[in-house]
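Engineer: Got a structure for you, written out below as structure tokens; questions coming shortly.
The values are calculated or read from the model by the stated rules, or taken from the named source; none is laboratory data. From a predicted model like this one, the values you see are computed outputs, not experimental measurements. All Cβ positions, glycine included, derive from the backbone under ideal geometry; neighbour counts span all protein chains shown.
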Amino acid sequence: MVNPEIVNEWLAKADEDFNFARVNLEEGKTFFAQICFHFHQAAEKYFKAYTAANELEFRKVHDLPLLLRICVRNDAALEELREDSDYLNAFYVETRYPVHWPTSFSYKEAQQALQAAKRIQDSIKKRLQSP
């Protein structure tokens with residue numbers, strides 16, 4: 001049985017990450033790696049809210065394409081979020097850990113991350129609205 005409290009907790013945490021990143025970007029902060037990371041985190045939590053709401057396989061992972069595949073099993077139309085989840089997925093590792101390849105993050109990438117996360121947010125929230 002679905003526990004609406006758990007779903008709402010995931011949504012609230014996702015909104016916190018989304019709004020934190022959005023506000024920092026709007027205020028002209030140049031911490032683009034961290035902003036992109038929080039957009040990734042928001043997307044991850046929106047997918048996990050959907051997973052919880054639909055009693056799908058819950059995975060403790062940060063891999064957005066994998067989480068999306070789980071969600072798509074329940075609603076094939078979510079496949080429309082494939083490019084967005086692929087785009088945001090790179091921001092989990094590259095923004096948090098030292099990597100052995102050049103990385104730099106720009107305002108443009110952060111703007112694209114905002115747009116991708118917003119499409120995921122809108123799509124998931126629309127599906128989770130009460131009838």
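Engineer: Could you list all residues from segment 55-95 that are under 27 Å from A33 (Cβ atoms) and among the aromatic types (F, W, Y)?
Structural biologist: Answer for segment 55-95, where residues must be under 27 Å from A33 (Cβ atoms) and among the aromatic types (F, W, Y): Y87, F91, Y92.
Engineer: Another question, if that's okay. Kindly indicate whether A110 is farther than 27 Å from Q129 by Cβ and either of a type in the set (A, V, I, L, M) or assigned to a loop (DSSP other than H, G, I, E, B) (or both). Give the derivation first.
Structural biologist: Numbers: farther than 27 Å from Q129 by Cβ: yes; either of a type in the set (A, V, I, L, M) or assigned to a loop (DSSP other than H, G, I, E, B) (or both): yes.
Judged against the criteria, A110 is a match.
Engineer: Filtering segment 1-32 down to residues that are under 18 Å from Y107 (Cβ atoms) and surrounded by 18 or more Cβ atoms within 10 Å (Cβ to Cβ), which residue is nearest to the chain's Cα centre (by Cα)?
Structural biologist: Initial filter on segment 1-32 (under 18 Å from Y107 (Cβ atoms)): 18, 20-32.
From what's left, surrounded by 18 or more Cβ atoms within 10 Å (Cβ to Cβ): 18, 21-22, 25, 32.
Numbers: F18: 8, A21: 11, R22: 13, L25: 16, F32: 16 Å.
Ranking the qualifying residues of segment 1-32, first place goes to F18.
Engineer: For residues in segment 103-118 being more than 19 Å from D15 (Cβ to Cβ) and charged (D, E, K, R), which is nearest to the chain's Cα centre (by Cα)?
Structural biologist: E109
Engineer: May I pose another question? Could you say which residue among L88, L78, L56 is more than 30 Å from M1 (Cβ to Cβ), out of contact with any Ser or Thr (no Cβ under 6 Å at 6 or more places or on another chain) and modelled with pLDDT of 95 or more? Don't jump to the end; show me each part of the working.
Structural biologist: Values: L78 fails: more than 30 Å from M1 (Cβ to Cβ); L56 fails: more than 30 Å from M1 (Cβ to Cβ).
Checking each option against the conditions leaves just L88.
Engineer: Could I ask something else about it? Mind checking which residues of segment 25-50 are free of Cβ contacts under 8 Å to residues at least 12 places away in the same chain and either in a helix (DSSP H, G or I) or under 17 Å from S85 (Cα atoms) (or both)?
Structural biologist: Once the filter is applied, which keeps residues that are free of Cβ contacts under 8 Å to residues at least 12 places away in the same chain and either in a helix (DSSP H, G or I) or under 17 Å from S85 (Cα atoms) (or both), segment 25-50 yields only E26.
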